[in-house]
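Trainee: Questions regarding the structure given below will be posed in turn.
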Amino acid sequence: MRNEFPSYTTLSHHTTKVNPNRGWRLAVATSVTISSALGVFAQSGRLDSETAAPKDLLDTPRREWAASVRWENDTFGGTDKFYTDGVALGVSHTGPSWMDPFANSLPWGEGRRTVGYDVTQGMFTPSDTTRSVPDPKDRPYAGILAFGLTLHIDNENSYHGLKFVNGVVGPWTLAKETQDAVHGLIGNDKPQGWDYQLHNEPIFNLAYEYRHRFQLAGEREEWSVQALPLAGGWLGNMLIQGQAGGLVRAGYNMPDDFGPSLVRGMGFMPPPRREARSKSSDWGFSVYGGSIANLVLRDITLDGNTFRDSPSVDKDCFVPAAGVGLAVGNRRFQASFSYIFWGKEFKGQDDYFKFGSVSLSYFF
């Protein structure tokens, strides 16, 4: 599944006057560190109030921000193996950005634009973590540390997402140290085979996803049902795959957005559009379920390092997945939980595996 969730985003006009020689300050992009992404936030979107503003600046929608955190772990499925943990932190903003010239060149570049920055750590372990020398037929130990830059473009009922990912796989990710520290805190035995993890290797990936929204019943601001089919793909030395699927969600006062995602997907979806409401409460909720089919040609955590010998297994190219979840939120806050069933990924894997995904977002 691909997965972010509810809240509510409206575009408003900025009426502050500015010095025409200054205008909008361009945000400086980075997908290398979260701190630099926050630096972008500190420098972005301010207007000087000293003199009259040109009309085109007055017509420009102001930026609206979102800060999000996502945690995925197989503890929710009662196991400690395979994709065992993923953590992502993200910040994004709608409105004018340094990526506008690039967006203007895209055939689907017209619409509300959101630029997102995120950092993600993921870890993968075999089914038997008590062995100091892992079973060569079991999933290799692997850690990933990645920095993402995402351009989201959405219209009334369509969404396009384009994500650039760079980072590293191997000991530099500190996946071993992270898992050892967590297991030490909760009193679990530490995995014994991290000395055999994949070697350090830079990763570069491009991801694209399209979603469409169909209103099946009711009205979104009241009780309603929606369908959101999706399709996309990944290209790079970390992951090469195509995917197609969708989800159905139902609820009350659902957000004007395009549903959930996962760390192993787009990471974070754009924030919902806000709109003026006459209701006494702007709280809403939804429940959802869906499935996706993945056609995997390369997965570095299964195939091993690109240019060096390393542990590897024979992967399954067709990997189905399904999930259910619920979300609740208002104009400023959104919380969601998804329970995911992920199909077999390599030859000899005894069964599919399960993990939970918790996401919290704040909109400002």
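Trainee: Taking R0 as 51 Å, what FRET efficiency do you get between Asn157 and Thr79 from their Cβ-Cβ distance, rounded to the nearest 0.05?
Mentor: Efficiency computed from Cβ-Cβ geometry: 0.85.
Trainee: In region 93-200, which trypsin sites (Lys or Arg not before Pro) fall in coil by DSSP and have 12 or fewer other Cβ atoms within 10 Å?
Mentor: Numbers: sites: Arg112, Arg113, Arg131, Lys137, Lys163, Lys176; in loops: Arg131, Lys137.
Counting only loop positions with at most 12 other Cβ atoms within 10 Å, the trypsin sites (Lys or Arg not before Pro) in region 93-200 are Lys137.
Trainee: Largest first and in whole Å, what are the equivalent-ellipsoid semi-axes of region 34-363 based on the Cα gyration tensor, each being the root of 5 times an eigenvalue?
Mentor: Working: eigenvalues 262, 105, 70 Å².
Value: 36, 23, 19 Å, ordered largest first.
Trainee: With r as the distance between the Cβ atoms of Glu177 and Phe364 and R0 = 30 Å, compute the FRET efficiency 1/(1 + (r/R0)^6) and round to 0.05.
Mentor: 0.35
Trainee: Subtract the Cα-Cα distance of Asp189 and Cys317 from 0.36 nm times their separation in residues, and report this length gain in nm to one decimal.
Mentor: Residue separation times 0.36 nm, minus the Cα-Cα distance, leaves 42.8 nm.
Trainee: Also, quick follow-up: Please give the length that would be gained between Ala244 and Phe164 if that part of the chain were fully extended, namely 0.36 nm times their separation in residues minus their C-alpha to C-alpha distance (nm, one decimal). Write out the running numbers ahead of the final one.
Mentor: On the way: separation 80, 0.36 × 80 = 28.80 nm, distance 1.99 nm.
Difference between extended and current length: 26.8 nm.
Trainee: While we're on this one: Give me the aspartates and glutamates in straight-line cross-link reach of Lys163: C-alpha distance below 13 Å, same-chain residues under 8 apart excluded.
Mentor: Asp118, Glu209
Trainee: Of the peptides 183-190, 267-274, 224-231, how do they stack up when ordered by the mean number of other Cβ atoms within 10 Å, highest first?
Mentor: 267-274, 224-231, 183-190
Trainee: At a Förster distance of 45 Å, what's the computed FRET efficiency of Trp71 paired with Phe102, Cβ-Cβ distance as r, to 0.05?
Mentor: For R0 = 45 Å, the calculated efficiency reads 0.90.
Trainee: Region 104-178: which GluC sites (Glu not before Pro) are DSSP loop and have at most 11 other beta-carbon atoms within 10 angstrom?
Mentor: Glu110, Glu156
Trainee: Then there is this: Which of the GluC sites (Glu not before Pro) across region 188-289 are loop residues per DSSP, with 14 or fewer other Cβ within 10 Å?
Mentor: Glu219, Glu222, Glu275
Computed from the coordinates by the stated procedures, all read-outs in this text should not be read as laboratory data. Model, not experiment: these values are computed from the prediction. Cβ coordinates were reconstructed from backbone atoms using ideal geometry, including for glycine residues, and neighbour counts include every protein chain displayed.
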